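The values are calculated or read from the model by the stated rules, or taken from the named source; none is laboratory data. As the structure is a prediction and not an experimental result, all values here were calculated from the model. Cβ: placed from backbone, ideal geometry, glycine included. Neighbour counts: every protein chain shown. Side chains included, ligands, DNA and RNA excluded: accessible areas come from the protein's heavy atoms. Shrake-Rupley method; radii C 1.70, N 1.55, O 1.52, S 1.80 Å.
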Amino acid sequence: MSAPLLEVRGLKKHFAASGGMFAEKTTVKAVDGVSFSVMPQESFAVVGESGCGKTTLGKLVLALEKPTDGTVLFDGRDMASMSRRELRRLRADIQVIFQDPYSSLNPRMTVSDIITEPWIIHGRHKDPAARARVLAKLLDDCGIAKAYLPRHPHEFSGGQRQRVGIARALALDPKLIVADEPVSALDVSIQAQILNLLKDLQKERKLSYLFISHDFSVVRHLCTRIAVMYLGRIVESADSEVLFNDPQHPYTEALLSAVPVPDPSIEKRRKRILLTGDVPSPLKPPSGCRFHPRCRYLVDACRTEDPALAETGAAHFAACPVLPFKDKRSDAALVAL
Amino acid sequence: MDPVLSVRGLRTHFVTPERTVKAVDGISYDLLPGKTLAVVGESGSGKSVHALSILGLLPMPPAEIVAGEILFQGRDLLKMRAAQMQEIRGNRIAMIFQEPMTSLNPVLRVGEQIAEAVVLHQKKTQKEAWAKAVDLLGKVGIPHPEERVNDFPHQFSGGMRQRAMIAIALSCEPDVLIADEPTTALDVTIQAQILELMKSLQREYKMAIVLITHNIGVVAEMADDVVVMYAGRPVERAPVGELFSDPKHPYTKGLLASVPSIYERKERLAAIPGQPPDLGAAYEGCPFVPRCGDALERCRADDPPEFRLKGGRMSNCWRCESEAESRAHRFAQAEAAR
């Protein structure tokens, strides 16, 4: 077993929030004690709904935010202890693909400038002939026509822009790509093109992905390991197929059952677990288990005791002391068929 | 059963001095009472413009309805005067939108926005309307409606705002509800709540729903019948089960194959190559040809008409010509489409 490429330990990010001049000072615990690791060439997904802290987690891994507590180790080295120069070198190895291909590309730059700018910053491929060769390969890999190079982002559709964003992320041959909802702004037929591209690139370039998403269908297609977040915490993590077939946390179970399936014959047979209410405000997370006000397996202890992640199976962790011991979930909309 | 809403050959174009964009270019369907018809398509397929055309909500100019009929209980909405339309819009035909924050008025209390429609259409007093607003908010599942009715939209979460929108739409017990991407802006657990609410209210009020969506999963869950749109036109129309089990049009096949499902892990998704066409550009033949893996020679030259198939289905692909019900019928269809 090789060493993890990315290791996150007890990571926390709290933001100061205040309701007004005289209001009490409060903190939003966007990320509140998250640990996981991503192996080389693994695609690791962080799944959750709006406000669960998944995007903040991505920013912490990219060193775009300073953690309140905890460590991020990349290739075994602590990112917090690095000098600016070291950190800059490291950034070449961790690149990002953003959700919105409209706002993440500079509208005044040509496609060529956008893709080659990282080389100028990091002083790579200075020889024009070599640069042209690498660029041609990169464009080819990402499915961008050479004729697009002198054009500007506004001339392209969302799918083509996302290809440019991907090419930019790959320009420095990174080891890890943080992809924050890279396909959620795209139409389904284009989404499929980009997902296939991400899969091909991973194989060819031996990439690892930290894939941040709210969409379980997309994640199942692309990722081998999944962590589910709720209110700043990981509530369950497992190998992808295991998680889909045997969720051990009530939140995961409800999330999976809420996803509509593109097949009416399955939809007719399926029962939904409807969660009541909304996600509570991260300003005032519930006591005990943060999921308890919406949970169908609630026991008294859940209101007071905050459960930690515990191993419930091979490489399968869940922060729920109740569900794994229920032997029958007969009415649950289990995903396994 | 007579359809409550019939759209016949509707064409909505946007005309500017530079060019004409054919946003909707010939859509027809029948909506039966109490049923849900899903109009599915990707961005720019014309699904939202078609909905706004029904209620006369498009700015004209630049929009122009160049052809077609929209029959509501047998009367053509397009021929109605503004005052007549006013009586139907929000009363007999109501609409909910994708973004509940931008479609609610931020400076009016939620209760006032619900009561407004009741006062206008049902000639109730303010007090009666307010009581009805409380009642409706409770019905759409807002806890403590008698207090929350005084809230402003920003005090509601996204899911609650969409519930409030539904309460406004239901205030006059409409015959038809047009829902334009009602759950797209919401998280999946909230989406499940809202879809469930729409289904139960549909049963209670016996409403017909036109559901506009790009989400194939939502179609599978909600629809009785489906119209698939591409480049401003319906390419296929079928009952939901048949559409998924036996899609006829290559675009429908491609669309269904490209959707990832939580039920199976596919090694590769069958993506449709290329991009949707520019609706302002002239084309010959079938607009899907550049992306079609199954095109015939004639597809490039001749624009296919709508072929009527068995089981009340329709597809406008030349490959379906041999299955079409009758030649005479086919010509009648082609004529009507023109």
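Quick rundown of the values:
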quantity: Subset of the stretch B:232-251 [in a loop (DSSP other than H, G, I, E, B) and open to solvent by 10 Å² or more (accessible area, probe 1.4 Å)]; calculated: B:ASP246, B:PRO247, B:LYS248
quantity: Hey, A:ASP140 assigned to a loop (DSSP other than H, G, I, E, B) and out of contact with any helix residue (DSSP H, G or I) (no Cβ under 8 Å at 6 or more places or on another chain) or not; calculated: no
quantity: Residue list for the stretch B:87-117, filter: part of a helix (DSSP H, G or I), touching a His at 6+ places or on another chain (Cβ under 9 Å) and over 23 Å from B:HIS154 (Cα atoms); calculated: B:GLU87
quantity: Criterion: under 14 Å from A:MET229 (Cα atoms), β-branched (Val, Ile, Thr) and assigned by TED's automatic domain parsing to the domain that holds A:SER213 - qualifying residue of A:THR56, A:THR26; calculated: A:THR56
quantity: Residues being open to solvent by less than 10 Å² (accessible area, probe 1.4 Å), closer than 16 Å to A:ILE273 by Cα and of a type outside the set (A, V, I, L, M, F, W, C) - total across the stretch A:230-253; calculated: 6
quantity: Count of the stretch B:118-129 residues which are surrounded by fewer than 19 Cβ atoms within 10 Å (Cβ to Cβ) and either of a type in the set (A, V, I, L, M, F, W, C) or outside any helix (DSSP H, G or I) (or both); calculated: 5
quantity: Residue, modelled with the lowest pLDDT, within the stretch B:279-336, restricted to residues that are over 23 Å from B:SER45 (Cα atoms) and polar (S, T, N, Q); calculated: B:SER326
quantity: Residue check, B:GLY254 at the interface with chain A (Cβ under 10 Å from one of its Cβ atoms), outside any loop (DSSP other than H, G, I, E, B) and within 28 Å of A:LEU197 (Cβ to Cβ); calculated: yes
quantity: Some residue of the stretch A:253-271 being over 30 Å from A:LYS199 (Cα atoms), touching a Lys or Arg at 6+ places or on another chain (Cβ under 8 Å), of a type in the set (Val, Ile, Thr) and within 10 Å of chain B (Cβ to nearest Cβ); calculated: no
quantity: Condition check for B:LEU195: open to solvent by 30 Å² or more (accessible area, probe 1.4 Å), at the interface with chain A (Cβ under 8 Å from one of its Cβ atoms) and out of contact with any strand residue (DSSP E or B) (no Cβ under 9 Å at 6 or more places or on another chain); calculated: no
quantity: Which listed residue, of B:GLU236, B:GLU242, B:GLU267, is more than 8 Å from chain A (Cβ to nearest Cβ), of a type in the set (D, E, K, R) and touching a His at 6+ places or on another chain (Cβ under 8 Å); calculated: B:GLU236
quantity: Any pair with Cβ under 6 angstrom, 6 or more apart, that starts in the stretch B:83-100 at a residue that is without any contact (Cβ under 8 Å) to a residue 60 or more places away in the chain and ends at one that is surrounded by fewer than 21 Cβ atoms within 10 Å (Cβ to Cβ) and outside any helix (DSSP H, G or I); calculated: B:MET85/B:GLY56; B:ARG89/B:LEU55
quantity: Positions within the stretch A:174-198 being under 19 Å from A:THR55 (Cα atoms) and either of a type in the set (A, V, I, L, M) or crowded, with 23+ Cβ neighbours inside 10 Å (or both), in sequence order; calculated: A:LEU176, A:ILE177, A:VAL178, A:ALA179, A:PRO182, A:VAL183, A:ALA185, A:LEU186
quantity: Any helices (runs of 4 or more DSSP H) falling wholly within the stretch A:23-135 and containing at least 2 residues that are in contact with a His (Cβ under 8 Å, 6 or more places away or on another chain) and open to solvent by less than 80 Å² (accessible area, probe 1.4 Å); calculated: A:111-122
quantity: Out of A:LEU243, A:LEU197, A:LEU207, A:LEU201, sole residue that is at the interface with chain B (Cβ under 10 Å from one of its Cβ atoms) and not aromatic (Phe, Trp, Tyr); calculated: A:LEU197
quantity: Residue, farthest from the other protein chains (Cβ to nearest Cβ), within the stretch A:136-173, restricted to residues that are open to solvent by 20 Å² or more (accessible area, probe 1.4 Å) and within 19 Å of A:ILE94 (Cβ to Cβ); calculated: A:ASP173
quantity: Number of the condition not met by B:ALA115 [criteria: (1) surrounded by 15 or more Cβ atoms within 10 Å (Cβ to Cβ); (2) touching a Cys at 6+ places or on another chain (Cβ under 9 Å)]; calculated: (2)
quantity: Pairs with Cβ under 8 Å, 6+ apart, first in the stretch B:301-312 and of a type outside the set (Gly, Ala, Ser), second part of a strand (DSSP E or B); calculated: B:GLU306/B:SER28; B:GLU306/B:PRO234; B:GLU306/B:MET314; B:GLU306/B:SER315; B:PHE307/B:MET314; B:PHE307/B:SER315; B:ARG308/B:MET314; B:LEU309/B:SER315
quantity: Close pairs from the stretch B:261-277: first open to solvent by less than 50 Å² (accessible area, probe 1.4 Å), partner outside any loop (DSSP other than H, G, I, E, B) and of a type in the set (D, E, K, R), Cβ under 8 Å, at least 6 apart; calculated: B:SER261/A:ARG220; B:ILE262/A:ARG220; B:ILE272/B:ARG291; B:GLY274/B:ARG291
quantity: Residue tally, condition open to solvent by 10 Å² or more (accessible area, probe 1.4 Å) and in contact with a helix residue (DSSP H, G or I) (Cβ under 8 Å, 6 or more places away or on another chain), over the stretch A:201-210; calculated: 2
quantity: Test result for B:ALA208, buried (at least 24 other Cβ atoms within 10 Å of the Cβ) and out of contact with any helix residue (DSSP H, G or I) (no Cβ under 7 Å at 6 or more places or on another chain); calculated: no
quantity: Any hit, the stretch A:306-320, residues being buried (at least 20 other Cβ atoms within 10 Å of the Cβ) and among the small types (Gly, Ala, Ser); calculated: yes
quantity: Any hit, the stretch B:189-201, residues being outside any helix (DSSP H, G or I) and touching a residue at least 24 places away in the same chain (Cβ under 8 Å); calculated: no
quantity: Test set (1) away from chain A (no Cβ under 11 Å); (2) of a type outside the set (Ser, Thr, Tyr); (3) part of a strand (DSSP E or B) - B:VAL226 fails condition number; calculated: (1)
quantity: Residues being of a type in the set (Asp, Glu), within 27 Å of the chain's Cα centre (by Cα) and assigned to a loop (DSSP other than H, G, I, E, B) - total across the stretch A:274-314; calculated: 2
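Each row is one residue, and each column tells you yes or no for (1) out of contact with any helix residue (DSSP H, G or I) (no Cβ under 7 Å at 6 or more places or on another chain); (2) not hydrophobic (A, V, I, L, M, F, W, C).
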site	(1), (2)
A:ARG84	yes, yes
A:ARG91	yes, yes
A:PRO107	no, yes
A:THR110	yes, yes
A:ILE120	yes, no
A:ARG124	yes, yes
